[in-house]
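Taking it in order: structure first as C-alpha cells, then the write-up.
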Amino acid sequence: MRIVILGSGRGSNAEAILKAQQAGRLCSARVVQIYADKPDAGILALGPRFGVSADFLDAAPYKTKLDGTAEQHYIAAILACQADLIVLAGFMRVLKPPFLTQFAGRVINLHPSLLPSFPGLDGIGQAFRRGVKITGCTVHHVTLEVDGGPIIDQAAVRVEDDDTLETLSARVHAAEHALLPAVIARLSNSDLRPTL
Ligand code: GAR
C-alpha cells in the first residue's frame with residue numbers, strides 16, 4: 001500500500017508513521033511521498049532523515065482550502081505517486097471535490113479530539129476549555145463534511161485535574177503517535193474503501 005502524507009506543521013505524526021515503517025510495524029504499507037503546503041513546515045525535514053521524497057506543493061492563495069489550480073496540482077502530483085492511501089497528518093486545509101471524488105475512500109485524517117466532539121480548529125484546546133474529563137484522538141475517512149466522515153478508530157485520553165493545556169496536548173499527541181500508525185497497518189491488511 002503506497003502512502004502519500006500531506007501535512008502543514010512539525011510532522012510529529014508523519015515521523016511516528018516513518019518510525020513504525022522502519023520498525024516493520026506498517027505491514028505492507030510504505031510512505032512514498034510527503035507533501036507540505038508550507039515551504040518551512042517541519043514535516044519536510046523528515047524527507048532526508050528517513051530517505052523519503054518530501055516536497056513543498058504550493059497551495060496559494062487561500063489559507064484554509066485549495067483553489068481550483070492548486071487542487072489540480074495536488075491531484076496530479078498524488079496520481080503520479082500511484083497512492084493507495086492519502087494520510088492527512090496535520091494538513092490544515094479543507095479538501096473538496098474534485099479532490100475527494102478522485103480519491104474517494106482513500107483519504108484519512110487525524111483529528112485531536114474524540115469526534116464528533118470538538119471538530120474544527122484546536123480540538124485539544126476546545127476540549128480543555130470545555131472541561132471534559134475524557135478526550136483523545138480520532139482517525140476517520142475524509143468526506144465533504146469537515147471532520148464528519150466515518151470513524152475508523154479512536155484513542156481516549158483522561159484529562160487530569162492538574163492538567164494544563166500543554167500537559168494534556170503532550171498526552172493527546174502521544175496517543176496520536178500510537179493510533180495513526182496502527183490504523184495504517186490495519187488498513188494495509190484490509191479493504192480500504194468504506195461505504196461512503
Ligand atoms: C495533530 O495533533 C493533528 O491531530 C492535528 O494537527 C496536529 C499535527 O501535528 N490536526 C488537526 O487539527 C486537523 N484538524 P504534527 O504536524 O506534529 O503531526
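The values are calculated or read from the model by the stated rules, or taken from the named source; none is laboratory data. If you're wondering where the values come from, they're calculated on a predicted model, not measured in any experiment. Virtual Cβ from ideal backbone geometry, glycine too; neighbours counted across all protein chains shown. These accessible areas exclude ligands, DNA and RNA; they are computed on the full protein's heavy atoms, side chains included. Shrake-Rupley method; radii C 1.70, N 1.55, O 1.52, S 1.80 Å.
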Within segment 1-17, considering residues that are assigned to a helix (DSSP H, G or I) and either touching a strand residue (DSSP E or B) at 6+ places or on another chain (Cβ under 7 Å) or not hydroxyl-bearing (Ser, Thr, Tyr) (or both), the one most open to solvent (accessible area, probe 1.4 Å): Glu15
Checked segment 85-110 for anything open to solvent by less than 20 Å² (accessible area, probe 1.4 Å) and either touching a helix residue (DSSP H, G or I) at 6+ places or on another chain (Cβ under 6 Å) or touching a residue at least 60 places away in the same chain (Cβ under 8 Å) (or both); matches are Leu85, Ile86, Val87, Leu88, Ala89, Phe91, Phe99, Gly105, Ile108, Leu110
Do we find a residue being open to solvent by 20 Å² or more (accessible area, probe 1.4 Å), β-branched (Val, Ile, Thr) and either at pLDDT 95 or above or part of a strand (DSSP E or B) (or both) anywhere in segment 123-132? yes
Pull up segment 144-175, narrow it to residues that are assigned to a loop (DSSP other than H, G, I, E, B) and within 14 Å of the ligand (Cβ to nearest atom), then point me to the one that is least open to solvent (accessible area, probe 1.4 Å). Gly149
Find all pairs meeting these conditions: Cβ atoms under 7 angstrom apart; at least six residues apart or on different chains; first residue within segment 163-190 and charged (D, E, K, R); second residue open to solvent by less than 60 Å² (accessible area, probe 1.4 Å). Arg171/Val157; Glu176/Asn13; Glu176/Leu110; Glu176/Pro112; Glu176/Cys137
